[in-house]
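Novice: Below is one structure. I have some questions about it.
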Amino acid sequence: MTRKRNYMNPYYAGILLGLVLLAAMFFSGRGLGASGGIKYTVVAAVGAIDKQHALESPYYSKYFENGESPLKNWLALEVLGMLLGGFISGAISGRLKFTVEKSPKISRGKRLLFAFLGGVFFVYGAQLARGCIAVRRSPEWPLCQPPALLPCFPSSARPTCLPGFSADCGFDGSKFIVKRKYNSAY
Amino acid sequence: MGPISVLTEIPEWVNLLAGFIIGIGFGFALEQAGFSSSRKLAGMFYGYDTTVLKVFFTAAIVALAGSQILGFFGLLNLNMVYVNPYYVGATLVGGVIMGAGFIMGGFCPGTGISALSIGKIDALFFLLGGMAGAFLFAESYPFVMKLAMGSYRGPVKLNEWLGVSPGVFTLLLILAAIGLFWLAEKAEKKFRRPEITGE
């Protein structure tokens with residue numbers, strides 16, 4: 001087994017993370033994320049167990065449009081990569097171990113219960129807020145750029161599209177429908 | 001010129017593969033930073049470990065400065081990079097709920113995945129709870145939709161809200177980060193708990 005290594009200096013780790021984030025923006029035009037990955041897993045599970053309910057629900061149905069699998073997306077693949085990346089890091093640092101990390105003041109059972117409840121609250125809140133810190137910090141948190149991603153956004157009473165995008169987008173009063181087509185000739 | 005997947009005709013599988021590789025980097029960086037330890041993460045709230053602040057602020061200023069530089073040299077079209085839409089009520093309420101979840105569970109999804117990858121069973125329970133939370137949200141969506149979709153402000157950016165140029169904002173953020181790093185180092189000295197942070 002590899003000798004145990006210390007954690008990386010936090011500033012160096014921050015630089016590494018910043019470069020990973022930059023790579024995501026440069027290559028895929030988006031920031032990093034994780035809570036969305038959990039959402040997609042649940043959506044896929046619901047679809048597998050009760051397809052009818054998934055197709056009828058205003059929440060789930062949008063992930064099954066055009067017969068697409070909810071797992072076939074950037075975020076789901078990214079989360080898979082995270083598991084592998086974390087494992088590699090743990091392996092080279094001698095930190096691989098099945099364990100329950102907790103304060104000595106509480107029992108294992110209590111720790112696991114609070115971990116579970118914490119997960120329920122956190123991801124519920126993250127779905128409401130549309131992203132946990134990894135996403136909200138990037139790109140819109142640090143990034144200060146001129147009008148960004150959504151090619152269509154409501155202004156006054158009608159949607160407008162940035163030049164180069166087809167007018168296949170709008171706000172129907174309750175949600176965005178963005179079927180953008182980028183005109184590469186632009 | 002980037003973003004590559006938006007502006008060039010690459011096959012979808014290439015973009016998905018890029019996501020996978022970027023995810024490997026993300027997971028690696030998080031675990032190396034120590035985010036696979038819930039006690040280290042919780043230290044941010046109690047002052048004995050400010051790794052979270054140092055790592056995320058450093059990452060933010062690296063990505064911010066980097067994207068501005070890439071944009072300046074025409075290598076990245078910043079107009080094409082995704083910005084989360086801002087819904088005031090949903091963000092505030094969701095944020096409070098997330099905070100409660102974090103201090104209860106000691107993780108957030110990204111760090112939970114990082115911890116799970118090295119064998120932490122409490123992280124597994126956290127993520128299972130997370131799936132339950134996501135399911136709860138999905139099923140309760142018709143009831144919370146009004147809150148979730150209310151007070152829409154569009155993809156708001158901080159520099160626009162502050163009324164400063166991107167360059168000035170970058171400078172302000174770097175200065176803020178330096179100030180916070182200094183405070184963080186002081187806090188760690190004051191509230192030190194080497195049995196948790198000294199790993």
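The values are calculated or read from the model by the stated rules, or taken from the named source; none is laboratory data. These numbers were taken from a predicted model, which means no experiment stands behind them. All Cβ positions, even for glycine, are placed from backbone atoms using ideal geometry, and neighbour counts span all protein chains on display.
Novice: Can you give me the ranges of the helices (runs of 4 or more DSSP H) entirely in region A:1-94 with at least 3 residues that are out of contact with any strand residue (DSSP E or B) (no Cβ under 9 Å at 6 or more places or on another chain) and closer than 29 Å to B:LEU78 by Cβ?
Specialist: Because the criterion is at least 3 residues that are out of contact with any strand residue (DSSP E or B) (no Cβ under 9 Å at 6 or more places or on another chain) and closer than 29 Å to B:LEU78 by Cβ, the helices (runs of 4 or more DSSP H) in region A:1-94 that meet it are A:10-28, A:35-49, A:74-92.
Novice: Does A:PHE116 fit the bill of being farther than 27 Å from A:ASN6 by Cβ and either modelled with pLDDT of 90 or more or surrounded by fewer than 21 Cβ atoms within 10 Å (Cβ to Cβ) (or both)?
Specialist: Criteria met by A:PHE116.
Novice: Please identify the pairs in which a residue from region A:92-119 that is more than 7 Å from chain B (Cβ to nearest Cβ) has its Cβ atom under 7 Å from the Cβ atom of a residue that is of a type in the set (A, V, I, L, M), counting only partners at least 6 apart or on another chain.
Specialist: A:GLY94/A:MET1; A:ARG108/A:VAL100
Novice: Which is touching a Cys at 6+ places or on another chain (Cβ under 8 Å) and not hydrophobic (A, V, I, L, M, F, W, C), of A:SER28, A:SER89, A:SER35, A:SER61?
Specialist: Answer to the selection: A:SER35.
Novice: List pairs: first residue in region B:119-143 and more than 7 Å from chain A (Cβ to nearest Cβ), second residue crowded, with 18+ Cβ neighbours inside 10 Å and among the aliphatic types (A, V, I, L, M) anywhere in the structure, Cβ distance under 8 angstrom, at least six positions apart or on different chains.
Specialist: B:ALA123/A:ALA115; B:ALA123/B:ILE113; B:ALA123/B:ALA115; B:ALA123/B:LEU116; B:LEU124/B:LEU116
Novice: Also, quick follow-up: Being surrounded by fewer than 24 Cβ atoms within 10 Å (Cβ to Cβ) and at pLDDT 85 or above narrows it down to one residue among B:GLY66, B:GLY23, B:GLY27; which is it?
Specialist: None of the other options fit; the residue is B:GLY66.
Novice: Test A:GLY31 against the criterion of being modelled with pLDDT under 85, touching a Ser or Thr at 6+ places or on another chain (Cβ under 6 Å) and buried (at least 24 other Cβ atoms within 10 Å of the Cβ), and give yes or no.
Specialist: Here the answer is yes, as A:GLY31 does meet what is asked.
Novice: Among (1) over 28 Å from B:TYR152 (Cα atoms); (2) buried (at least 23 other Cβ atoms within 10 Å of the Cβ); (3) modelled with pLDDT under 90, there is one condition B:VAL81 misses while meeting the rest; what is its number?
Specialist: Against the list (1) over 28 Å from B:TYR152 (Cα atoms); (2) buried (at least 23 other Cβ atoms within 10 Å of the Cβ); (3) modelled with pLDDT under 90, B:VAL81 comes up short only on (1).
Novice: Oh, and also: So B:ALA33 fits all but one of (1) more than 7 Å from every other protein chain (Cβ to nearest Cβ); (2) in contact with a Pro (Cβ under 7 Å, 6 or more places away or on another chain); what number is the exception?
Specialist: Just one mismatch for B:ALA33, condition (1).
Novice: Still on this structure: With the requirement that a residue be of a type in the set (S, T, N, Q), more than 7 Å from every other protein chain (Cβ to nearest Cβ) and assigned to a loop (DSSP other than H, G, I, E, B), what does region B:54-88 give you?
Specialist: Selection gives B:ASN77 alone.
Novice: A follow-up question, please. For A:THR99, work out the one condition from (1) out of contact with any strand residue (DSSP E or B) (no Cβ under 8 Å at 6 or more places or on another chain); (2) over 17 Å from B:ALA134 (Cα atoms); (3) surrounded by fewer than 16 Cβ atoms within 10 Å (Cβ to Cβ); (4) not hydrophobic (A, V, I, L, M, F, W, C) it doesn't fulfil.
Specialist: For A:THR99, the failing item is (1).
Novice: Given region B:89-199, what helices (runs of 4 or more DSSP H) lie entirely inside it while holding 1 or more residues that are more than 30 Å from B:LEU70 (Cβ to Cβ) and within 22 Å of the chain's Cα centre (by Cα)?
Specialist: Hits in region B:89-199: B:109-116, B:121-148, B:166-190, B:194-197.
Novice: Please go through region B:1-29 and give me each residue that is at the interface with chain A (Cβ under 7 Å from one of its Cβ atoms) and closer than 16 Å to B:TYR82 by Cα, ordered by number.
Specialist: Within region B:1-29, B:GLY2, B:PRO3, B:ILE4, B:SER5, B:VAL6, B:ASN15, B:GLY19 qualify.
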